[in-house]
Amino acid sequence: MDFSFSKDQEQLRKAVREFVEAEVAPFAAKWDEEDICPVDVFKKMGQLGFAGVFVPMEYGGAGLGYTERAIVLEEIARHSAGLAMFLMTHHLGVAAILHFGSEDQKKKYLPDLASGQKIGALAVTEPTGGSDLSGHQSTGEQVEGYWVLNGRKCFASNSHVAQVTVVTVKTGTDQKGRPALSAFIIESDNPGLTSGRKENKLGLRVSTMGDLVINNCKVGEDSILGGEGKGQRVALGIISEVGRAGMSAISLGILRGCLEEMVKFAKERKLYGKPISALQAIQFSIAETRIDYEAARLLTYNALTLKDTNQRCDVDLAMAKYFSTEAVIRAAKRNIENMGGYGVINDYSAGRFMRDGLAGLPSAGASNIMKVIVAAATLA
Amino acid sequence: MKALKMVVCIKPVPSPDQYHHVSIDPKTKSLIREGIPTIINPLDKNALEAALQIRDKYGGEVSVISMAPPAAEENLREALAMGADRAFLISDRAFAGSDTLATSMVLASAVKKIGPADLILTGNESADGGTSQVSAQLGEWLGYPHLMHSCGIEVLDGGDSLRVETHRDQARVVYIMKMPGVVSVIRSINKPRFTSLMGVISSRNKPLDTLSSLDLLLDKAFLGLEGSPTKPGDIYQPDLTRRCVPLEGSTDDVALALIQKLRAAGLQL
Amino acid sequence: MMDNKDSLWVVVETIRGGFQKVALEMLSQARKLAQRLQELNGVRPGVWAVVTGSHPPEDEAMYRYGADGIILVAHPSLEEHRTDLHATVLADLIREKEPQVVLFGATAWGSEVAPTVAARVKTGLAAHCVDLQINEQGNLVQLVPAFGGKVLGEILCPLHRPQMASVRPGVFRAVAGEPEGKGIKLAVRPDIARNEDSIQVVEVRQKDAVGKPLEEAEVVLAGGWGVGSKENWLLLEELGNLLGAAVGCTRPALDEGWAQGEDTMIGISGKTVRPKVYLGFGISGATHHVVGMSDSGLVISINTNPAADIFQFSDIKVVADAGSIIKSLVDQLKLKSH
């Protein structure tokens, strides 16, 4: 069991870190405060291969795996979890097309998505529920050789910036009478797809989230992704793996941020004539955060190793997502507490870490759903 | 336009955020550098970027060389990941203790060994003790014209000469320099590109070779510590600390108090 | 004493008809070194100012500040910016006259000519020295900073001659005194080969000098990242005018586009200042900056971070927002003048 990263992965991490420290870290607080979605930075990341980390080179990607994707997301999230979320939700659209698309669809969409020239998205959640896909109200009707889609998506990430959006709609019922969903690729220049309200989020603010209005949206036959009736597979397949993996990696970044800030503050802040790092209570909270970070790291990268070697990983990813996202809340709280009054001042990143952590909890499946999945697998 | 063969000399230096870890061995009076992570000297990255931009525009080849201990292989890989075509580590115990004259002698020999070069680029100075001497001395050992403080380079005449813009103390001076030549660059010349994921992956397959003293034609009289005219003596850490008396109060109170202090120091206010 | 061999040379950089004043600082120090050598060996080596150029000036100030003699090296090709040719003639002259020490001011010109000469003559050169002394053996000891100034190291050139060193402007003090003798002038006309045309100067654009040079100001205001904005920086410059102070910067303020230019940067790779009063605004106190102002008289630092490194090196500590303090100072000073 070798738990170390390869030399290439270390070099990759270093390269991403250099970019993040120069182009992301100095602006993270401002983006969060002013609710800015820096599309220009996304384009720069695209040029460096971040937008298509796991896309094969033949489609214009970097040809790497999900482990490398996690390294990229972790490094970005260390300073701006919101920007990492922007990138990771783009990856959901990319992965959907990569894993379920026809050769033509892959050739058509992946190069622009992988290079960051186009932003992707995967919109599944509806007002009737995210965890419960059977409640889908959006519909798709086949009319004379094309499809007409109608409905509404909410809490859709990249709703206002994506050029290529994968949506799921109800296109029929299966043998058991349950709704059958199909996934469709819609481009932003399609007049039938518009963005509605933009949400004002508690955290992960850089990542735009809002409503999508699908109104008599006409798309061709060649827009169906993965085949008719396969929408549930597409949605769950991508969210449960690429989504959970993404949230875990982002959480690692925030955890590291909490840990590093805690250590820095503890060494600088003097009380009772000494740095507070001399106080056991502070030491314990740092130890707890460190342990949380290391455990989250191991769960995450172990799950990703399984994914990259094509082994079953959905349960491991559920465990990693659950643990990492919840650990962020614990660590962020410790960080704020250690900083005393400073912890609640927005000039410091402590508050943003907590808000970003909270905003990450419901993504890619709520904690309770993760527990349902892990219990089911464990009790089987 | 003929394709230019360029060589960029890079130096691994301790990462500046690690300077507080640099300590002095009280017994040997020398610096303890082991275990401190290194980065490519920032100005050498500007030099590499300049070479890459020329290659991107006109074609050619960019080689990076570094006279350094074996750990510098990682820095050379970084340079390859940034876009260089091939790399050479010039490493040998015999080079230890080299001052700038000895170092530039070895670099010159390496440049000659790896093939004819049209343009040799390097940063004006290194971040860890920048003497800013190597580029000029390298030019002298090679017998090539050389220029420092460059903030702009343009290839002219189908690749036979360069237009080199430089920053002097009171003027910007533009030269035309015949190639082959050596140019050292300053920060404002460009903004080094970030390394892409693709760059990291492709760097695996690019050639990285080691050259030792056995591979090079060296002037033994100027080799290593023995052959370096300058020799290191004692090292110490200066104590620059002061009293640090706090001045407190409202903004306006503090400003008033400062004005008083300035008057007391002799200013007519 | 006036035998050229084993003399101490200070190379004088000519600029636009005049010369760089750092030469006077170097001459003052060379005079001290000559005196020390006299104490050790009983023989006082001559101190020579060596001036190269197309019309090298002979300035009597050089005698007052320490030169026993001046060597004027004139040639029409010795255009100010042809550092290669200056180096050629200096190297030839060194081989002929065999001085024991050759000093340069570490200006852009000196930083280029010195290593070229050292390589031609195959001797040792220590760059950016912060001190020069003579040791018991009569050798030059050069003190150089490393790691951003965290560490100071001694450099010696025991076996090779001449011992060469470059020193940044502002490190030594120019001290005028009574010249030792009458002052001797030697004119040299070197041979420069016809085909030295691998380098040509094609354009010279003078930079506009802005305000009082930092090295000469009695009061220096230094601004860093904590100044916060261009608006605040302009206020800082206004404060400079009100106080009659020069305004310098650190790298972050330069990168933000607030500061005037690279030549107003204070620190190990910029200017060394030793004003009567130094006021630092929003500067964190990285060693490479501190080394450039550590010899200042009164050091007052203003920074919002109570743990900023700069405070250890300051006489007075103010934990406050730089911008607010600058504004208040400007307002108060304007009030007083009414």
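Structure above, values below:
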| read-out | value |
| --- | --- |
| Among the residues listed as B:E125, B:E140, the single one being charged (D, E, K, R), within 8 Å of chain C (Cβ to nearest Cβ), touching a Lys or Arg at 6+ places or on another chain (Cβ under 7 Å) and under 20 Å from C:S166 (Cβ atoms) | B:E140 |
| Output for the stretch A:45-86, where each listed residue is within 12 Å of chain B (Cβ to nearest Cβ) and among the hydrophobic types (A, V, I, L, M, F, W, C) | A:M45, A:L48, A:F50, A:A51, A:V53, A:F54, A:V55, A:M57, A:A62, A:L64, A:I71, A:V72 |
| Single match in C:D295, C:D309 (criterion: surrounded by fewer than 24 Cβ atoms within 10 Å (Cβ to Cβ), out of contact with any Asp or Glu (no Cβ under 9 Å at 6 or more places or on another chain), more than 14 Å from chain A (Cβ to nearest Cβ) and closer than 20 Å to B:L240 by Cα) | C:D295 |
| Matching residues in the stretch A:309-366 - criterion: being polar (S, T, N, Q) and surrounded by fewer than 19 Cβ atoms within 10 Å (Cβ to Cβ) | A:T309, A:N310, A:Q311, A:N346 |
| Within the stretch A:216-242, considering residues that are more than 19 Å from A:E103 (Cβ to Cβ) and in contact with a Ser or Thr (Cβ under 7 Å, 6 or more places away or on another chain), the one surrounded by the fewest Cβ atoms within 10 Å (Cβ to Cβ) | A:G229 |
| Of the criteria (1) surrounded by 24 or more Cβ atoms within 10 Å (Cβ to Cβ); (2) facing another protein chain (nearest Cβ under 8 Å); (3) among the small types (G, A, S), which one B:A87 fails | (2) |
| 3 or more residues facing another protein chain (nearest Cβ under 8 Å): qualifying helices (runs of 4 or more DSSP H) within the stretch B:154-269 | B:197-203, B:251-264 |
| B:P180 vs. criteria under 33 Å from the mean Cα position of the chain (by Cα), more than 30 Å from C:L140 (Cα to Cα), in contact (Cβ under 8 Å) with a residue 24 or more places away in the chain and surrounded by fewer than 13 Cβ atoms within 10 Å (Cβ to Cβ) | no |
| Members of the stretch C:82-107 that are within 11 Å of chain B (Cβ to nearest Cβ), surrounded by fewer than 24 Cβ atoms within 10 Å (Cβ to Cβ) and either in contact with a strand residue (DSSP E or B) (Cβ under 8 Å, 6 or more places away or on another chain) or at positive phi (or both) | C:R82, C:D84, C:A106, C:T107 |
| Looking only at the stretch A:169-201, and only at residues there that are under 23 Å from the mean Cα position of the chain (by Cα) and in a loop (DSSP other than H, G, I, E, B), the one that is farthest from A:G82 (Cα to Cα) | A:S188 |
| Count of the stretch C:57-80 residues which are assigned to a loop (DSSP other than H, G, I, E, B), touching a residue at least 24 places away in the same chain (Cβ under 8 Å) and surrounded by fewer than 23 Cβ atoms within 10 Å (Cβ to Cβ) | 9 |
| Qualifying residues in the stretch C:61-107 (those that are among the hydroxyl-bearing types (S, T, Y) and more than 30 Å from C:V43 (Cβ to Cβ)) - the one farthest from the chain's Cα centre (by Cα) | C:S77 |
| Of the criteria (1) more than 20 Å from B:A110 (Cβ to Cβ); (2) touching a Gly at 6+ places or on another chain (Cβ under 7 Å), which one B:D44 fails | (1) |
| Failed item in (1) of a type in the set (G, A, S); (2) within 13 Å of chain B (Cβ to nearest Cβ); (3) surrounded by fewer than 16 Cβ atoms within 10 Å (Cβ to Cβ), with C:G240 passing the rest | (3) |
| Residue ID - nearest to the other protein chains (Cβ to nearest Cβ), chosen from residues in the stretch C:271-280 that are over 16 Å from C:P169 (Cα atoms) and of a type in the set (A, V, I, L, M, F, W, C) | C:V277 |
| Those residues of the stretch B:197-215 which are in contact (Cβ under 8 Å) with a residue 24 or more places away in the chain and surrounded by 19 or more Cβ atoms within 10 Å (Cβ to Cβ), in sequence order | B:G199, B:V200, B:S203, B:L211 |
| Criterion (within 8 Å of chain B (Cβ to nearest Cβ), under 29 Å from the mean Cα position of the chain (by Cα) and closer than 18 Å to B:L247 by Cα) met by exactly one of C:I325, C:I302, C:I283, C:I316 | C:I316 |
| Matching residues, the stretch C:241-256, being more than 23 Å from the chain's Cα centre (by Cα) and in contact (Cβ under 8 Å) with a residue 12 or more places away in the chain | C:L242, C:L243, C:E256 |
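Here is a yes/no grid of residues against (1) within 30 Å of A:A62 (Cβ to Cβ); (2) touching a Ser or Thr at 6+ places or on another chain (Cβ under 8 Å); (3) surrounded by fewer than 24 Cβ atoms within 10 Å (Cβ to Cβ):
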site	(1), (2), (3)
A:I97	yes, no, no
A:D112	yes, no, yes
A:I119	yes, no, no
A:G151	no, yes, yes
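This table checks each residue for (1) modelled with pLDDT of 95 or more; (2) not in a strand (DSSP E or B).
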site	(1), (2)
C:M2	no, yes
C:K5	no, yes
C:V11	yes, no
C:Q29	yes, yes
C:L33	yes, yes
C:L40	no, yes
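Residue by residue, here is whether (1) touching a residue at least 40 places away in the same chain (Cβ under 8 Å); (2) within 14 Å of the chain's Cα centre (by Cα) holds:
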position	(1), (2)
A:F50	yes, yes
A:M57	no, no
A:G61	yes, no
A:M88	yes, yes
A:G93	yes, yes
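A quick yes/no check of all residues on (1) modelled with pLDDT of 90 or more; (2) over 19 Å from C:V144 (Cα atoms); (3) touching a Pro at 6+ places or on another chain (Cβ under 8 Å); (4) not charged (D, E, K, R):
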site	(1), (2), (3), (4)
B:G224	yes, yes, no, yes
B:P232	no, no, no, yes
B:P238	no, no, no, yes
B:C244	no, yes, no, yes
B:T251	yes, yes, no, yes
B:L256	yes, yes, no, yes
B:I259	yes, yes, no, yes
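The values are calculated or read from the model by the stated rules, or taken from the named source; none is laboratory data. Only a predicted model underlies this, so the values are computations on that prediction, with no experimental measurement involved. Every residue, glycine among them, receives a Cβ derived from its backbone with ideal geometry; neighbour counts consider all protein chains shown.
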